[in-house]
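Accompanying notes for the structure given below.
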Amino acid sequence: MSALAREPDVAVIGGGLVGAAIAWGLARLGERVAVLDEGDVAYRASRGNFALVWVQSKGLGMPPYAAWTKRSSDDWAALADELRGETGLDVAFRRPGGLHLCLSEAELAARQGFLMRLHNQPDMVPYRHEMLDRRALETMLPEIGPEVAGASYCPLDGHCNSLRLLRALHAGLQRRGAAYLADHMVERIVPRPGGGFRLITRGGELGAGKLVLAAGNGNPGLARMVGLDVPVRPQRGQVIATERAAPFLHHPITTIRQTDEGSVLIGDSVEEAGFDDAVGLGVVSTMADRAVRMLPRLGRLNVVRSWAALRVMTRDGFPIYDQSATCPGAFVATCHSGVTLAANHALVLPAMLRAPALPPELAPFSAKRFDVPAAA
């Protein structure tokens with residue numbers, strides 16, 4: 001193990017999209033970084049991500065999350081350009097604007113009501129969005145099915161190749177001299193009396209001046225070791241992938257998108273199944289049926305595979321960014337929008353983590369928001 005790996009400035013626990021983005025951003029600022037990863041056996045949400053960079057519908061109940069999301073979307077092109085210049089990898093980021101399709105007038109009315117409540121919140125960040133009736137939608141998607149009543153549209157929405165994003169971040173880490181330690185699942189974190197931490201892993205022991213927990217559904221156990229509470233749970237989502245087709249879907253839809261390689265991904269499930277990441281044929285069948293009702297062309301494409309992955313969900317669905325009061329230098333970052341928020345995690349959050357304390361703008365994301373007394 002190199003000297004850097006034995007005693008980095010910052011140890012980032014977790015090598016998925018959240019951890020890799022933060023680690024790359026810290027290395028970009030000159031920090032000596034080591035990423036401690038469980039390896040390919042991990043429940044890695046990054047492998048199953050639908051890869052939307054999504055703004056519309058984010059933030060009902062927490063306007064700062066809407067602003068944080070928009071900020072990341074606005075910076076995504078800069079992140080993609082920098083990664084391509086550094087690694088030669090094109091993460092295929094596109095921002096053509098996204099659609100949420102509604103299969104009935106009732107769905108359309110419900111969607112409009114939801115967006116009105118979202119944007120009528122005090123301190124809600126303003127951005128363009130609009131409701132489209134069927135005729136307006138047909139100018140953007142001429143092949144919609146007869147049941148589609150309309151859609152919501154936001155020009156800030158886009159998508160990318162999330163697997164290539166993960167590869168680019170790891171390639172960038174290597175180029176910037178960071179240490180990536182696979183098979184180093186952290187089993188114990190011991191605060192050192194003089195500052196910093198001792199980390200006991202399956203691959204050996206090392207020390208670090210600072211610590212960032214970015215281990216997704218593994219964060220709760222790690223957080224307790226440094227005096228933090230991180231209430232997250234796994235939430236299963238399933239995805240269908242079709243054979244490749246000539247480009248026809250130029251705007252990503254909430255549940256359907258065509259990748260840069262031509263295949264179509266369909267993802268439209270939310271399941272509370274614990275750590276079970278098995279594919280369920282009943283759910284997949286329902287997803288496929290709804291997708292074909294939206295875009296009948298999809299019924300002519302062969303399905304080549306399907307998979308399930310586990311989202312990282314907090315109690316309210318919003319991210320947690322926090323620091324330990326009892327173990328200075330220990331931080332946590334967890335969310336279920338690792339792709340959308342990748343630009344923030346790579347370009348904004350690292351500078352905040354270098355400071356003695358997190359800035360006030362991250363205060364709404366502290367897990368302290370869950371410390372409310374139970375109703376009598």
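With a Förster radius of 35 Å applied to the beta-carbon distance between D183 and D133, the computed FRET efficiency rounds to 0.05. Taking all protein chains into account, the per residue accessible area for the chain stands at 42 Å² (1.4 Å probe). When the chain is modelled as a GNM with alpha-carbon springs shorter than 10 Å, which of I13, I189, I266 fluctuates the most? Highest fluctuation of the listed residues: I189.
How do the peptides 208-219, 333-344 rank, highest first, by the average count of neighbouring beta carbon atoms within 10 Å per residue?
On the way: 208-219: 24.8, 333-344: 26.7.
Highest to lowest by the protection proxy: 333-344, 208-219.
In this label model, D289 and D229 are separated by 4.2 nm, measuring between points 7 Å along each Cα→Cβ vector.
Sparsely packed loop sites in the range 294-376 (the trypsin sites (Lys or Arg not before Pro) outside DSSP H, G, I, E and B with at most 13 other Cβ atoms within 10 Å) comprise R315. The A245 and D74 beta-carbon pair, evaluated with R₀ = 41 Å, returns a calculated FRET efficiency of approximately 0.85.
Per-atom-type breakdown for the range 179-323 gives carbon and sulfur 52% of the accessible area (1.4 Å probe, protein chains only). Distance from the C-alpha centroid of the range 250-312 to that of the range 215-248: 17 Å, rounded to the whole angstrom. Most mobile of A355, A23, A51 per a Gaussian network model of the chain (Cα springs, under 10 Å)? Of A355, A23, A51, the Gaussian network model singles out A355 as fluctuating most. The protection proxy used here, the mean number of other Cβ atoms lying within 10 Å of each residue, ranks peptides 159-166, 199-206 as follows, highest first: 159-166, 199-206. Please identify the chymotrypsin sites (Phe, Trp or Tyr not before Pro) of the range 239-333 that satisfy two criteria: DSSP loop assignment and at most 10 other Cβ atoms within 10 Å. Which are they? Within the range 239-333, the qualifying chymotrypsin sites (Phe, Trp or Tyr not before Pro) (loop, at most 10 other Cβ atoms within 10 Å) are F275. If one computes the Cα centroid of the range 76-95 and of the range 336-357, what distance in Å separates the two points? If you average the Cα positions of each part, the centres end up 17 Å apart.
Between R305 and D277, residue separation times 0.36 nm minus the direct Cα-Cα distance comes to 8.6 nm.
The values are calculated or read from the model by the stated rules, or taken from the named source; none is laboratory data. No experiment lies behind these values; they were computed from the predicted model shown. Counting neighbours? That spans all protein chains shown, and the Cβs are built from the backbone with ideal geometry, glycine included. Remember, those area values only see protein heavy atoms, side chains included, never the ligands or the DNA or RNA. Shrake-Rupley method; radii C 1.70, N 1.55, O 1.52, S 1.80 Å.
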